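Working notes, beginning with the structure itself.
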Amino acid sequence: MNTFLTLLKREYWEHKTGFQWVPVGISALALFTTLLAVLFLTNDTVKVSIGAQNPTDLLALWEATASDGVKSLAMTAYYYSNVINLAIVMGFVGYFYCLGSLYDDRKDKSILFWKSLPVSDTETVLSKVASVCLVLPLIIFVISVLTNVGTMLIGLLFAAMSDWDIASMVFDPMGILTASWYQLVASFMAVLWVFPFIGYLMFISSATKKVPFLVSWLPIIVIVIVESIIFKSANFISWVAEHLSGLGKAYSTPYAMMSQVDEGGVADLRQLAEKIGWEVDGGWGSFPNQLMDLNLWIGLLIGAAFIVGAIYIRRYRDEAL
């Protein structure tokens, strides 16, 4: 166990920029942009209007007419929306991490050093899987919590500069905790949906000797072309699209769960879902129902098979040649 934890620490130390500083930078930029917007909207010398209304007036009107439940729900949803930027960052970081995870140490020959240590190839590969599937989402979660707190502080600044009556709406620690919990669960659910791609990228990283980025796309392009010419179908690309759409399902599910508090919210959500081909009552609106999806489990098995293949190649390839 200590060996495995050490391997996880190694992955974190070697990829600290992508795992930590890139999402921190994106969150800081988002908070700075929000701060500028607040200062801009509350500046008496700059009149920003929507139609004939000032945004601060509209917010005050909404504050006066909305129920406490709706206000709390809206703030929780707003805090949760911080996950979108971090989800995109996690996707890019995870993609390039998987591609280089088993390729880079062969490229610089450091694999010969690691193979001389009493660490199995299985532990090494699984530590990389755990890094992208567990460690990265947990780091993103911590950053998202701090981002939510920062958003609340900026909201309180907005209240101080416009109308203190809205401070009670913005100061919502319970909403932050709820939104942060949703962010964590949604991130792990997203990882489950893309697990076959994680396994595939690690397999390519273990197998290829050059340009893993290009090699990872080549089989996909060949399969799509061959299937379309020979079988006149597009089942493979449909399967890929379905699993990628699981990302949207994972990150949209908290909105569905929150909107069920208000019937109007359910109606609005249902209309939006129908436009993109999803059914709110079809099961995607809750995490347990997604876990019962057979396609999700098939993807997990495929991802596991690719990871086993990556371990096998790493174990028996002669890297000295």
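The values are calculated or read from the model by the stated rules, or taken from the named source; none is laboratory data. This structure is a prediction, so every number in the text was calculated from the model and none was measured. Backbone-built Cβ (ideal geometry, glycine too); neighbour counts: all protein chains shown. Calculation scope for accessible area: heavy atoms of the full protein, side chains included, ligands and nucleic acids excluded. Shrake-Rupley method; radii C 1.70, N 1.55, O 1.52, S 1.80 Å.
Brief remarks on what is shown
- Enumeration of residues in region 211-224 that are touching a helix residue (DSSP H, G or I) at 6+ places or on another chain (Cβ under 9 Å) and without any contact (Cβ under 8 Å) to a residue 60 or more places away in the chain: VAL215, PRO219, ILE220, ILE223, VAL224
- Residue in region 225-232 that is in contact with a helix residue (DSSP H, G or I) (Cβ under 8 Å, 6 or more places away or on another chain), in a helix (DSSP H, G or I) and open to solvent by 30 Å² or more (accessible area, probe 1.4 Å) present: no
- Hey, PHE113 modelled with pLDDT under 90, buried (at least 19 other Cβ atoms within 10 Å of the Cβ) and assigned to a helix (DSSP H, G or I) or not: no
- Within region 187-199, residues that are assigned to a helix (DSSP H, G or I) reach partners that are among the polar types (S, T, N, Q) and surrounded by fewer than 24 Cβ atoms within 10 Å (Cβ to Cβ) with beta carbons closer than 7 Å, at six or more positions or on different chains, in the pairs MET189/GLN290.
- Scope region 235-274; condition exposed (fewer than 14 other Cβ atoms within 10 Å of the Cβ), in contact with a helix residue (DSSP H, G or I) (Cβ under 9 Å, 6 or more places away or on another chain) and modelled with pLDDT of 85 or more; matching residues: ASN235, LEU244
- Among the residues of region 85-93, at least one is open to solvent by 50 Å² or more (accessible area, probe 1.4 Å), at pLDDT 65 or above, of a type outside the set (Phe, Trp, Tyr) and under 21 Å from the mean Cα position of the chain (by Cα).
- Residue match in region 8-15 (condition: assigned to a helix (DSSP H, G or I), modelled with pLDDT of 55 or more and more than 30 Å from SER120 (Cα to Cα)): no
- Summed over region 32-53, residues that are open to solvent by less than 40 Å² (accessible area, probe 1.4 Å) and modelled with pLDDT of 50 or more total 2.
- SER131 meets all of the listed conditions (1) of a type in the set (Ser, Thr, Tyr); (2) buried (at least 16 other Cβ atoms within 10 Å of the Cβ); (3) more than 21 Å from the chain's Cα centre (by Cα) but one, namely (3).
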